[in-house]
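Here's the structure, in C-alpha cells; my notes come after.
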C-alpha cells in the first residue's frame with residue numbers, strides 16, 4: 001500500500017480553469033494566494049497524458065544510462081548556447097559545485113550571426129546537441145517541450161487574470177522567440193556526512209518553472225527565512241514555482257522563492273525533469289500596473305547583492321549562465337567576462 005506524504009505546499013487543480021465561472025474564480029484566487037504567499041505549488045489535472053510523463057522519464061533514464069563517452073560527445077562545453085551534457089559537479093551555485101548530472105536543451109533555432117555591434121546575449125540562441133546513441137531522445141523531448149509550452153502559457157495567462165490584468169498582458173514579454181529551457185537531471189547518491197548539495201539555494205530566473213519528480217524526495221523550499229519545507233513527490237503532478245521575471249514584473253507582489261535540492265543517500269538516485277518558461281531574450285521587463293488593492297501589498301523585488309537582477313532579459317540570463325558554467329564561459333565568452341555589463 002502506498003502512502004501519500006504530508007504536503008507542505010498548496011495543491012491547485014488546473015481543470016478548474018476550464019470549468020464554470022465560479023470554478024475559474026476559485027482557481028484564480030488560489031493561484032494568486034499560492035504565488036504570493038509561498039511562490040510554489042503543485043499543479044494537478046494539467047492535461048498532459050501520464051503516458052507522455054512516463055515516456056519522458058524513461059528516455060531520460062536511458063540517456064543517463066548511456067556509456068560516458070556517448071554523453072561526453074554532447075557535453076555542454078562544446079556549445080556557446082549552453083546546451084548539452086554536464087557531469088555532476090560541473091555546474092556551480094553560490095560558488096559550490098552541484099552534485100547533479102544533467103542534460104540541457106532549449107528552443108531549436110539557428111545560431112545568430114556574431115558581430116561586434118550585436119549584444120553578446122544573442123549567442124545564447126542556437127541549435128541543441130543530441131546524442132546519436134539515443135535517437136528517440138529528440139522526438140520525445142520535442143513533444144514534451146511543445147506540450148509544456150501550451151500548459152505554461154495557459155497558466156501564465158491565468159496569472160494575468162488573477163492579477164486583474166488583461167489576459168494577454170505578458171504575451172509581448174514572452175514574445176515570438178521565447179527562451180524556453182528543458183533540463184534532465186539525475187542526482188547520484190552522496191555520503192550522509194558530506195555537503196549533499198544536489199543544487200544550492202537559488203531562485204529561478206524566468207517566468208515559471210515546472211518540475212516532474214520521480215518518487216525520491218530532495219526538493220526543499222524556503223517558505224520563510226531559514227524555514228525549509230519538503231516538496232514531497234506527488235504522483236502525476238508538477239511542482240510549479242514563480243521565476244524572477246514575474247517578481248520583477250509585479251514589483252514583488254508575486255514571489256520568486258529560494259529553493260534547493262538535497263542529494264539522496266549513496267544507495268539511491270533521484271531523477272527530475274524541469275521545464276522553464278522564459279521571455280524573449282531582447283525583452284525588457286516592465287513593471288505592470290496592478291490594481292491598488294494588490295499594488296499596496298507588493299514588497300518590491302528582492303535581489304542578491306552578489307547577483308543583482310537585471311530587467312534586460314538577455315543580459316540577466318547570460319549573467320546567470322556564465323556564473324553557473326565557467327568552462328563554457330572561458331571557451332566562448334572570455335572576451336566579455338570582464339565587461340561592466342556582465343559585472344553589474
Before anything else, pin down the relative contact order of the range 11-339: Cα pairs under 8 Å, at least 6 apart, normalised by residue count, whole percent. 21
Ranked from fewest to most other Cβ atoms within 10 Å of their own Cβ, 56, 223 fall in the order 223, 56
Restricting to Cα pairs below 8 Å that are 6+ residues apart, what does the relative contact order work out to for the range 54-212? Please round to a whole percent. 28
Please report, largest first and rounded to whole Å, the three semi-axes of the ellipsoid equivalent to the range 1-141, where each semi-axis is the square root of five times an eigenvalue of the C-alpha gyration tensor. 35, 22, 18
The ratio Rg/Rh over the Cα atoms of the range 168-268, Rh being the Kirkwood inverse mean 1/r radius, stands at 1.02
Considering Cα pairs under 8 angstrom that are at least six residues apart, work out the relative contact order of the range 232-302 and quote it in whole percent. 43
Taking a quarter of the surface of the Cα convex hull of the range 124-224, what do you get in nm²? 9.9
Per-residue ellipticity at 222 nm for the chain, helices alone: DSSP H runs ≥ 4 residues times -39500 (n - 2.57), over residue total, nearest 500 deg cm²/dmol? -8500 deg cm²/dmol
Give me Rg/Rg_expected for the chain, where Rg uses Cα atoms only and Rg_expected = 2.2 N^0.38 Å with N residues. 0.96
Hey, fewest Cβ within 10 Å first, where do 18, 237 land in order? 18, 237
If you rank 64, 40 by fewest surrounding Cβ atoms within 10 Å, what's the result? 64, 40
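We did not get these values from a lab; they are worked out from the coordinates using the rules stated. Remember, it's a predicted structure, so these values are computed and weren't measured experimentally. Here the Cβ is made from the backbone with ideal geometry for all residues, glycine too, and neighbour counts use every protein chain on show.
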